[in-house]
Structure formats: structure tokens, C-alpha cells
Amino acid sequence: MEQQKERLAKEAVKYVEEGMVVGLGSGSTVNWTLEKLAEEISRGLKIKGVPSSKKTEAYARKLGIPLTDFSKVDQLDVAIDGANEVDENFNLIKGGGGSLFREKMVGLASKNLLIIIENKKNVAQLGLPVPVEVVPYGWRLTAAGIEKTGGKVRIRKHNDKCFITDNGNYILDCSFGNLNDPYRTNQSLKLLVGVVETGLFVNMASTVIVGKGEKVETMAK
Ligand SMILES: O=C[C@H](O)[C@H](O)[C@H](O)COP(=O)(O)O
């Protein structure tokens, strides 16, 4: 599995060119990309990274990847990120690591959102629980609102305590079963007071690289 992630990372860094501002996603697959990027940087590649989580920021700094302040750039050239599930229309479920809000911002700001996944995450229809970042204040009311839209809600825990995102919020993992219309599910969640952002990335990814055994397959919109 790690070898496959490494292969995906090697393929992903081919999209990074001299002078680019690069969105750095989060998660174990992206960590491999950070390592490959650091290798290219040590060979002379000049880029600036915008991290999508505190973990990614710390790892990128450790590897010596130059970073820039998100507020200082208008647009990113490419963002490389992982996902928990990707459907055949390139809709994504993200947020398994709780970084969905910053990942969505970074993805939105990028000309090309490039997703790297193992084949098992490549599905016909999204169906995993959707991570939803909510403000802690009044979260039970927000959860009740989500249940009214048909979701079964579980608050995410870490070491018996509520998991806290980089933005100081909670994550509610919301099961809806198979999503026939991810756009509508996302829209109805976004209307609820207390919802900061959802892990449904609809119509955002432009390139998906899938690891299949010893090969990688690239699909582009
Ligand atoms: O919040 C976490 C992110 O959305 C990750 O990109 C996603 O969970 C995939 O992570 P991994 O590459 O570790 O499976």
C-alpha cells in the first residue's frame, strides 16, 4: 500500500512546474507527495506551498518545502490532495483526517485540483459517512438539523474527547447511505446554522490519479 502511495506521489509531482504555487493537501497519501516534492526542491525546483492543515504545514516545514501565506496569493496553480472516496463524476468525500475546511479552501483557490487515491476509493456512487465541520456552540441542535435531512449523526471522538479541527470546531460524521445527488446533500447541509463546511467536494476535482496494482491511471475532466 505504501508503495502504491509512493507511485501516486511520483505521478502527482509531474504536475508541479517551476515557479508554481502549490496547494498541499492532507493525509497519508499526500505525505508521500510532500517527500517527492522535497526531493525535487533539493534538486533545484523552486515552488511555494500552501498547506491545508497544521499537520501538513509542520511536515512540509520539516522537509524544507518553502511555504507562503494563503492570504498573499490570489490563485494556486495546482493542489494535490487525497480523498476518502471519489465517484465517477469526480465528486469526493474528504475529511477522514478532519482537514476538510482548509482543504476545500485550497482546492477552490486552485486552477487544478489533483486527487490521488488507491483504487478501492474509486466508487460508482459515494456512500461513506460525510464528515461535517460544525461550530461547537449548539452542536446538538446542528446535529438534530442534520438528522432531519435524513443523516445519522455521530460526533467524532479522539481519545474519548471530541475531535477538534484546526479551526477549533467539531466533526460530525453523517451517514446518508448511497448519495444519489451529492450536490443536493451538500446544499441542504450548508443551509443549517452551525455547519461550517462539509466533506462533500462537488464538481471541484479536475484530475484524479488512481493507483491500480503496480500502475497508476490518470483521469482528467
Ligand atoms: O481530512 C483529511 C483528508 O480529506 C484526506 O485527504 C483524506 O482523509 C485521505 O487521507 P489518506 O490519504 O490518509 O487516506
Would you pick out the residues in segment 14-37 that are open to solvent by 20 Å² or more (accessible area, probe 1.4 Å), hydrophobic (A, V, I, L, M, F, W, C) and outside any loop (DSSP other than H, G, I, E, B)?
VAL21, TRP32
Filter segment 34-84 for residues that are small (Gly, Ala, Ser) and within 13 Å of the ligand (Cβ to nearest atom); which is nearest to SER110 (Cα to Cα)?
ALA79
With respect to LYS14, determine if the residue is without any contact (Cβ under 8 Å) to a residue 12 or more places away in the chain and more than 18 Å from LEU67 (Cβ to Cβ).
yes
If we keep just the residues of segment 119-134 that are part of a loop (DSSP other than H, G, I, E, B) and either of a type outside the set (S, T, N, Q) or within 11 Å of the ligand (Cβ to nearest atom) (or both), which is surrounded by the fewest Cβ atoms within 10 Å (Cβ to Cβ)?
ALA124
Of all residues in segment 52-77, count the ones that are within 13 Å of GLY97 (Cβ to Cβ) and touching a Ser or Thr at 6+ places or on another chain (Cβ under 9 Å).
5
Taking segment 150-176, which residues are among the hydroxyl-bearing types (Ser, Thr, Tyr) and in a loop (DSSP other than H, G, I, E, B)?
THR165
With the requirement that a residue be away from the ligand (no atom under 13 Å from the Cβ) and either open to solvent by 50 Å² or more (accessible area, probe 1.4 Å) or part of a helix (DSSP H, G or I) (or both), what does segment 101-110 give you?
LEU108
Which ones in segment 85-100 are near the ligand (Cβ under 10 Å from one of its atoms) and of a type in the set (D, E, K, R)?
GLU85, LYS94
From the residues in segment 135-149 that are part of a loop (DSSP other than H, G, I, E, B) and open to solvent by less than 50 Å² (accessible area, probe 1.4 Å), which one is farthest from GLY27 (Cα to Cα)?
GLY138
Of the residues in segment 180-221, those that are more than 22 Å from SER26 (Cβ to Cβ) and in a loop (DSSP other than H, G, I, E, B) come to ASN180, ASP181, LEU191, LEU192, VAL193, GLY194, GLY213, GLU214, LYS221
Among all residue pairs at least 6 apart or on different chains, which show Cβ distances below 9 Å where the first residue, located in segment 83-100, is open to solvent by less than 10 Å² (accessible area, probe 1.4 Å) and the second is part of a helix (DSSP H, G or I) and of a type in the set (A, V, I, L, M, F, W, C)?
LYS94/LEU100; GLY95/PHE101
Would you be able to say whether some residue in segment 111-118 is away from the ligand (no atom under 16 Å from the Cβ), more than 15 Å from the chain's Cα centre (by Cα), part of a strand (DSSP E or B) and in contact (Cβ under 8 Å) with a residue 24 or more places away in the chain?
yes
Output the number of the condition that VAL193 fails; it satisfies all remaining conditions of (1) under 20 Å from the mean Cα position of the chain (by Cα); (2) open to solvent by 40 Å² or more (accessible area, probe 1.4 Å); (3) away from the ligand (no atom under 16 Å from the Cβ).
(1)
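The values are calculated or read from the model by the stated rules, or taken from the named source; none is laboratory data. Everything numeric here is computed off the predicted structure, so don't read it as measured data. FYI the Cβ positions are ideal-geometry reconstructions off the backbone, even for glycines, and counts take in every protein chain you see. Accessible surface is based on the protein model in full, side chains and every heavy atom, while ligands, DNA and RNA are left aside. Shrake-Rupley method; radii C 1.70, N 1.55, O 1.52, S 1.80 Å.
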